[in-house]
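A short worksheet on the structure shown next.
The values are calculated or read from the model by the stated rules, or taken from the named source; none is laboratory data. Here the structure is a predicted model, which means the values were calculated and not measured. Protein only, heavy atoms only, side chains kept; ligands, DNA and RNA dropped before computing areas. Shrake-Rupley method; radii C 1.70, N 1.55, O 1.52, S 1.80 Å.
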Amino acid sequence: EILRSLAGLPSPPGAAPPAWRVPVDCVRANELCAGEPGCSSRYRTLRQCLAGRDRNTMLANRECQAALEVLQESPLYHCRCKRGMKKELQCLQIYWSIHMGLTEGEEFYEASPYEPVTSRLSDIFRLASIFSGMDPATTSKSNHCLDAAKACNLNDNCKRLRSGYISTCSRELSATEPCSRRKCHKALRQFFDRVPGEFTFRLLFCSCKDPACAERRRQTIVPSCSYEDKEKPNCLDLRGACRADHLCRSRLADFHTNCQATSQSLTSCPGDNFQACLGSYAGLIGFDITPNYVDASTTSITISPWCSCKGSGNMEEECEKFLRDFTENPCLRNAIQAFGNGTDVNLAPKNPNPAVTVVPKTEKIPALPDDVNDSNTAYDGGVISTCTSLQEQGLKPNQSKEQSLCYSEAQLTTDVMPDQKTFTDPKAGSSRHRELRMLLLVPVLIAALGL
């Protein structure tokens with residue numbers, strides 16, 4: 001069967017495909033390849049070809065080309081890894097041992113080595129019980145990020161791992177070294193890899209109506225240790241360092257695969273899958289490329305890794321493109337807003353490329369313990385966002401930037417909180433459609449009356 005495949009001959013009628021043709025994880029694919037002399041020898045050859053990291057030299061070598069052609073039809077070339085699997089790092093190392101040399105320097109985006117995510121946000125909504133049984137009037141005014149922290153504390157695993165990373169990331173080592181960034185990142189990765197999404201997503205993506213709540217959300221990952229630094233490195237340098245590590249490279253490729261904005265879908269997300277985008281975002285936390293909220297704004301969501309494009313030279317355009325995948329990504333923003341509003345993708349109307357509004361960074365607010373209600377009581381009405389104030393008063397906003405901000409959140413859901421009002425975009429054309437339908441019905445009614 002292997003010889004038939006290599007020769008391009010079809011299998012006999014009714015013959016089942018060989019085991020190595022069935023998609024498997026890369027650890028299993030490596031075992032299957034090792035059991036076939038032709039595959040294992042070609043794999044060794046290709047690894048030797050890639051050892052020098054010179055792709056052009058490799059492609060010019062006939063033996064390397066032959067090995068690559070054979071392995072492209074092998075289980076190794078088509079294998080993928082499962083997030084959180086027992087041998088995840090080994091699986092990823094095997095995957096990149098082939099794919100790294102094939103794409104390095106050729107592609108701005110790399111394909112994800114992980115299996116596609118088929119679950120949806122509705123799965124998490126059904127599992128999460130933070131708001132179940134609560135009075136709607138009370139829920140609409142509560143601090144959802146505080147509620148998320150309390151819910152985590154009711155789960156032993158979530159509470160233990162959350163307390164662990166908070167303690168590690170807050171432990172001062174010396175006057176000049178406020179914490180161990182390496183240990184903090186490791187503890188964060190363990191938390192987001194081992195705690196179910198119904199807890200981690202609500203901590204990361206909870207909706208907020210006041211700066212205290214938004215600051216609690218920003219402080220979720222203890223940014224003073226895991227995120228911020230004395231100086232911002234160049235974003236391309238940060239990406240290069242990430243790609244030098246198999247695990248970080250895999251998480252970044254997964255983020256680009258699942259969160260890369262597209263105009264071919266209802267929500268700007270590939271496959272309209274918010275769950276896949278939010279999961280890949282959470283997978284980046286715990287690396288130097290960790291993303292986070294840039295401020296405690298309640299009127300806009302701006303996400304960025306701790307980097308800038310200063311000093312990019314002739315690579316500035318590529319650097320800005322990489323940074324915009326975080327700061328101006330409608331897929332990521334829509335996914336976060338949809339989760340915060342409690343709506344799944346099937347309820348979200350089309351929201352093409354809403355404008356990104358950058359607001360000044362607010363004054364840093366210390367994170368509060370989970371038993372303190374840090375919602376609206378700490379701030380007067382003047383600090384609350386214009387959009388939220390208008391919604392709570394039931395007033396229609398003026399034709400201004402405030403209105404577009406209201407659209408960016410309201411258009412994502414038809415199932416908003418009870419105290420919110422959904423504004424209608426005058427450009428949507430729904431009234432014109434209704435008028436047209438009425439005009440089309442007039443002749444039918446006249447004919448019916450004539451009969």
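For the residue pairs Lys186/Lys321; Lys87/Lys232; Lys186/Lys230; Lys87/Lys186, the C-alpha atoms sit more than 26 angstrom apart in Lys186/Lys321; Lys87/Lys232.
For the range 26-99, the fraction of 1.4 Å probe accessible surface lying on carbon and sulfur atoms is 44 percent.
Shape call for the range 212-281 from the C-alpha gyration tensor, a ≥ b ≥ c root eigenvalues: rounded (a/c under 1.5), prolate (a/b greater than b/c) or oblate? Note, shape of the range 212-281 comes out oblate.
Scaled to the globular estimate 2.2 N^0.38 Å, the Cα spread of the range 160-247, given as radius of gyration, is 1.20. The convex hull built on the alpha-carbon positions of the range 260-310 has an orientation-averaged projected area of 4.9 nm². Taking N as the residue count of the range 187-341, its C-alpha radius of gyration divided by 2.2 N^0.38 Å amounts to 1.00.
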